[in-house]
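Accompanying notes for the structure given below.
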Amino acid sequence: MSLQPQAIPPVPEETARIARAILPKGNTYIHMRDELGTFFRDEDFLDLFSEKGQPAESAWRLALVMVMQYAEGLTDRQAADAVRTRIDWKYALRLEITDPGFDFSVLSEFRGRLLTHQAERRLFDKMLSQFRERGWVKERGKQRTDSTHVRASIRAVNRLECVGETMRHARSAASGGRSRLAARAHATGVGQALSVPF
């Protein structure tokens, strides 16, 4: 595949009109596009493609799709569907409303190119440099976080552990006489080590 860099077009008028009508206050992707423009350019990815071959999908769009995909925790198939069906994604990607998008396999191919050329940090580095230019990220500064959600997760884990320990204790107490209840608890796995996913 070859990459023929093209100038990044403006948001198509119809796409902008419909996006403003449907989302008058905007959303994350509309604000991102309006405030930051575009994080990436095709020229940023020229080294990942050969000079000859079938034209590739626009690299800056694929990179931005991968960022939005990560932000929403989508699979490649879901991300490709979002490009095809969501107005906010079309707005951020500067696509016509009628644009059919691309096959989901294009994302894994692009990701493979990034990995093959050891360019996996390129997306992060480009975004980070823009954030620094705008003063949103500073060198060696203190980062503050809201730990409320962390404490809530720990509390939930503690409760699960208490339930698991209670069940283990009940099984152990019931197994003194090896009653039917204890045998059934043993057969169903009650009292086994409790593993809590993080």
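The values are calculated or read from the model by the stated rules, or taken from the named source; none is laboratory data. Remember, predicted model here, so these are calculated numbers, not experimental data. As a convention, Cβ positions derive from the backbone with ideal geometry for all residues, glycine included, and neighbour counts pool all protein chains shown.
The C-beta contact set for the stretch 127-139 (first residue surrounded by 12 or more Cβ atoms within 10 Å (Cβ to Cβ), second residue part of a helix (DSSP H, G or I), distance under 8 angstrom, 6+ apart or interchain) comprises Met127/Val67; Gln130/Leu36; Val137/Leu128; Val137/Phe131.
Could you list all residues from the stretch 79-108 that are farther than 19 Å from Asp34 by Cα and without any contact (Cβ under 8 Å) to a residue 24 or more places away in the chain?
Within the stretch 79-108, the subset farther than 19 Å from Asp34 by Cα is 79-82, 84-85, 98-108.
Passing the criteria: Asp81, Ala82, Arg84, Thr85, Thr98, Asp99, Pro100, Gly101, Asp103.
In this structure, Ala19 does satisfy being buried (at least 16 other Cβ atoms within 10 Å of the Cβ) and assigned to a helix (DSSP H, G or I).
In the set Glu13, Glu51, Glu72, Glu35, which member is modelled with pLDDT of 90 or more, farther than 18 Å from Leu107 by Cα and of a type in the set (Asp, Glu)?
Exactly one residue qualifies, and that residue is Glu13.
Any chance the stretch 69-89 includes a residue that's crowded, with 20+ Cβ neighbours inside 10 Å, touching a Phe, Trp or Tyr at 6+ places or on another chain (Cβ under 6 Å) and acidic (Asp, Glu)? Yes, that holds for at least one residue.
The set of residues in the stretch 29-51 being free of Cβ contacts under 8 Å to residues at least 40 places away in the same chain, part of a helix (DSSP H, G or I) and within 21 Å of the chain's Cα centre (by Cα) consists of His31, Asp34, Glu35.
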